[in-house]
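Quick notes on the structure that follows.
Every number in this text was worked out from the coordinates using simple rules, so none of it is lab data. Note that the coordinates shown come from a computational prediction; the quantities given were computed from them, not determined experimentally. FYI the Cβ positions are ideal-geometry reconstructions off the backbone, even for glycines, and counts take in every protein chain you see.
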Amino acid sequence: MKVLLGGGTGFVGKHLRKLLVDNGYKVTVVSRQPGPDRLTWKDISRDGIPEDVTAVVNVAGENILNPLKRWNESFKQAVRSSRIDTTKLLADAIVNATNKPNVFATISGVAIYMPIHKYGYREVDTSPPYDFLSDLTHDWEIAAKLPESVKTRQVVVRSGVVLGRDGGMIRQIYYPFFFNVGGTITLSGAQWFPWIHVDDITGIFLHAIKNDNVTGVLNGVAPDAITNYEFTKAFAKEMWRLSHLPIPGFVMKGLYGSERAKIILQGQRVIPERTVKSGYEYKYPDIISACQNLAPFFEPKS
Ligand SMILES: NC(=O)c1ccc[n+]([C@@H]2O[C@H](COP(=O)([O-])OP(=O)(O)OC[C@H]3O[C@@H](n4cnc5c(N)ncnc54)[C@H](OP(=O)(O)O)[C@@H]3O)[C@@H](O)[C@H]2O)c1
C-alpha cells in the first residue's frame, strides 16, 4: 500500500508520514525540493501520480502565521496557491490516472465556519465566504473535488489548531510560558479555541485511508470544545507556570496585521460529529490529557 503525501515535510506531514510508515505504508512525499523517497510538484505535473499509489493525501500549505512574512498581496497569493494549486494538481492527476487511487484525503480548515459565539458547527454546516480565510478554505475544498465519474473515495478534514510539541502553535508559545510570560490571547480569552492534538489529526487521516466507509467532510477537532482561556489555564497548569500576562488584541494585530490576526483573535465552536460517528477514537479527546502530553518538563515515555 503506497501513499503519495503532499506536504510530508511539514509539521503535520512529518507526523503523518511516520504514522503511515509505522502502519506498514510506503510513503512518497511531494515537495518543492527533490530528495530520496520524494517527488516534486513539477514531477507530478509532468508525469502524473505513480501507478501503484493507493492513497493520495495533501497537507501542503505555506505557514500563514509566519511572523517573519509581511501580510501583503504576494504572501497572500503564496498562502492561497500553496494550498489550492497543490490540491488541484493532485485532483487533476487523479482524474488523468489510468490506475486511480482508492482514496484522496485533503486537509482544510475550520475558518470555513464564521465565528458566531453561540453556534456549534457540524460538518453539514457551511457559512458563505466572508473574509480572506473563509474564501481560501472554500476554494481549497472546491479544488479537491473530483468529478462524480471518478470513483476514488474523497475525504476532507477541516482542521482546528494542531497542537504538538515540535511545531505549530505550541512551538511558538512554549518559551513564553516557560519563562512565565504566557497568557490568554485577548484580555478575556473568551473566544472559542478549536484544537486537535497532532496525533489525532494524523490519526484521522490514517482512519480515513484505512476505512472504506469514511467519506466526505470530517471536522478535525477534539470533542472537548473550549475557549482560549480554558486552553491557557490547562497549558500553564501542566507547565507548572503562571498565565497572568494576557496578550491584547492590538498587539496581535500589530504583529500579524488585522486580517491575519483574526485566526488567533476569533474562534469557532466546532463539533466533530461525523468524525466520531465514523468510528474514529481520539487519543487526546480532552485538553487536560493533551496538555499533559504537550507540556511536561521531561520527555513523555511514549
Ligand atoms: N498547524 C496547524 O495548526 C494547522 C491548522 C489547520 C490547518 N492546517 C493546515 O495543515 C497544513 C500543514 O500545516 P503544517 O502546520 O504542517 O505546516 P508547515 O509545517 O508549515 O508545513 C507546510 C508544508 O507545506 C509545504 N509548503 C509550504 N509552502 C509551500 C508552497 N509555497 N508551495 C507548496 N508547498 C508548500 C511544505 O513543503 P516543502 O517545503 O517540502 O515544499 C511543508 O511540507 C497546511 O495546509 C495548514 O493550512 C494546519
Length released on extending from LYS42 to SER188, taking residue separation times 0.36 nm less the Cα-Cα span: 47.9 nm
Loop chymotrypsin sites (Phe, Trp or Tyr not before Pro), region 102-199, which have at most 10 other Cβ atoms in a 10 Å radius of their Cβ (DSSP): PHE179
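Averaging sequence separations of C-alpha pairs under 8 Å and six or more residues apart, then dividing by the length of the chain, give the relative contact order as a whole percent.
19
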FRET efficiency, ARG165 to GLU51 (Cβ-Cβ, R0 35 Å, nearest 0.05): 0.40
Debye log10 I(q)/I(0) at q = 0.06, 0.09, 0.12 Å⁻¹ for the chain, Cα point scatterers: -0.19, -0.43, -0.78
Given charges at Cβ of Lys, Arg, Asp, Glu: region 8-80 dipole, positive-most of ASN63, THR40, LEU19: ASN63
Ranked list, fewest to most other Cβ atoms within 10 Å of each Cβ, for LEU218, LEU133: LEU133, LEU218
In nm, spacing of pseudo-spin labels at ARG70 and LYS237 (7 Å Cα→C-beta vector): 4.4
Cα point-scatterer Debye curve for region 111-243, base-10 log of I(q)/I(0) at q = 0.10, 0.13, 0.19 Å⁻¹: -0.41, -0.67, -1.20
Label zone at GLU148 (point 7 Å along Cα-to-Cβ), backbone N below 19 Å, region 84-123: 95
Among GLY189, GLY160, GLY24: highest mean-square fluctuation, GNM of the chain, C-alpha pairs under 10 Å: GLY24
